[in-house]
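The values are calculated or read from the model by the stated rules, or taken from the named source; none is laboratory data. The structure displayed is predicted, hence computed values, not measured ones. For neighbour counting, all protein chains shown are included, and Cβ atoms are generated from backbone atoms with ideal geometry for every residue, glycine included. In case anyone asks, the SASA skips ligands and DNA or RNA and just uses the protein heavy atoms, side chains included. Shrake-Rupley method; radii C 1.70, N 1.55, O 1.52, S 1.80 Å.
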Amino acid sequence: MTNRYMRGPIWKVEESEGNLFLHGGKDGRIWCINIQECYDADDEQEIELGMDTYCIVSEPGQNCCYGGVIECEIGDHWLYLRLSGETALSLGLDEETRFELNIPDEEKRILGRGLKEILSYGRADSIPVMRI
């Protein structure tokens, strides 16, 4: 089921120590997607649990999943994500989601660089097709 709460443009992008934060919302409803790099992809327990890749957390709700981005593209004024069914369900998003970008050019560069770096961490089968 799609979380209609997570709608509206992305209006702030921040990065901090292996984390990329996408802040957005409209009509007083605010949300955040935190994409975190994998810290220990070679750890046997992480591999066994499927946690040997990037992690995505959506707020509100602390919805969390590992991997699951199939495709990622940044256009002039939008971010497109194609997600696996399981990841979309976990995050409360559609399998194909496009966010409007209302951010300055510097934050757009941070977004592109951050996605490229973080989504490339971990097991090879979790790395999405990226057009950034």
Considering residues of the range 106-129 that are modelled with pLDDT of 95 or more and open to solvent by 30 Å² or more (accessible area, probe 1.4 Å) only, the residue farthest from Glu37 (Cα to Cα): Glu106
Search result, residues across the range 77-87 that are touching a residue at least 24 places away in the same chain (Cβ under 8 Å) and either among the polar types (S, T, N, Q) or farther than 20 Å from Glu100 by Cα (or both): Thr87
Considering residues of the range 95-105 that are hydrophobic (A, V, I, L, M, F, W, C) and within 15 Å of the chain's Cα centre (by Cα) only, the residue surrounded by the most Cβ atoms within 10 Å (Cβ to Cβ): Leu101
Quick one: Met51 ticks every box in (1) aliphatic (A, V, I, L, M); (2) part of a loop (DSSP other than H, G, I, E, B); (3) modelled with pLDDT of 95 or more except a single one, so which number is it? (3)
Somewhere in the range 62-76, is a residue closer than 18 Å to Glu15 by Cα and free of Cβ contacts under 8 Å to residues at least 40 places away in the same chain? no
Which one is modelled with the highest pLDDT among residues in the range 1-48 that are of a type in the set (Asp, Glu) and exposed (fewer than 15 other Cβ atoms within 10 Å of the Cβ)? Glu17
